[in-house]
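S.K.: The structure is given below, and queries will be raised subsequently.
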Ligand SMILES: N[C@@H](CCC(=O)N[C@@H](CS)C(=O)NCC(=O)O)C(=O)O
């Protein structure tokens, strides 16, 4: 079996997504700590973030690059459509997750669990309202086929779900996310997959 090393932390949603994608591809993942405060970590990630993927001599950083690399470099099931439009749609959802969902989720986690955090700029109510707006768009997208892009599950689905599950660790996120039927049917479908169980940090730490 192909094997990679993933530098991450259990509850990093970006690391979780990379691990889930690797499991979907049938790639064995060895987890390693992401020592982001060590100077030496810059040799793995110049901006000292996680995750970082190591495959033999190859070091890949930034989760979108990691997701695409995992799909392209390993033989398992294709997790992107073959056509350019489909691939662009997948990249769009990776970008939406990273640029719009992550800040809302991260803000909620900090506002609820680290209320004295210096980086807070929005209130819990403002973040919950932003999440409602995003959930409406997600619901509309999933109502069509039950997948974010086309008729099959892709990188887009596996990359996004950890961010929602992390947002749902807050009471406000949990009640907001529970309100959307197509999103919940999609989450249940993803959670029932063997790869989800293998990669779920909330269960296996
Ligand atoms: N653009 C990066 C973002 C990664 C990111 O923000 N990771 C967080 C954990 S989810 C992190 O490294 N936090 C530690 C820090 O900022 O010091 C990617 O897509 O990989």
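S.K.: Residue 79 is checked against (1) modelled with pLDDT of 95 or more; (2) in contact with a helix residue (DSSP H, G or I) (Cβ under 8 Å, 6 or more places away or on another chain); (3) within 21 Å of residue 156 (Cα to Cα); (4) within 16 Å of the ligand (Cβ to nearest atom) and fails just one. What number does that condition carry?
M.R.: All conditions are met except number (4).
S.K.: OK, next. Among the residues of segment 60-74, which ones are touching a residue at least 24 places away in the same chain (Cβ under 8 Å) and farther than 19 Å from residue 161 by Cα? Before you say what the answer is, go through the steps one by one.
M.R.: First, pick out the residues of segment 60-74 that are touching a residue at least 24 places away in the same chain (Cβ under 8 Å): 63-64, 66-68, 70-71, 74.
Scanning segment 60-74 gives a single hit, 74.
S.K.: Next up: Go through (1) within 16 Å of the ligand (Cβ to nearest atom); (2) closer than 17 Å to residue 168 by Cβ; (3) touching a residue at least 12 places away in the same chain (Cβ under 8 Å) for residue 103 and report which single condition fails.
M.R.: Condition (3) is where residue 103 drops out.
The values are calculated or read from the model by the stated rules, or taken from the named source; none is laboratory data. Not measured: the values here are computed from a predicted model. Positions of Cβ are backbone-derived with ideal geometry, glycine not excepted, and every protein chain shown enters the neighbour counts.
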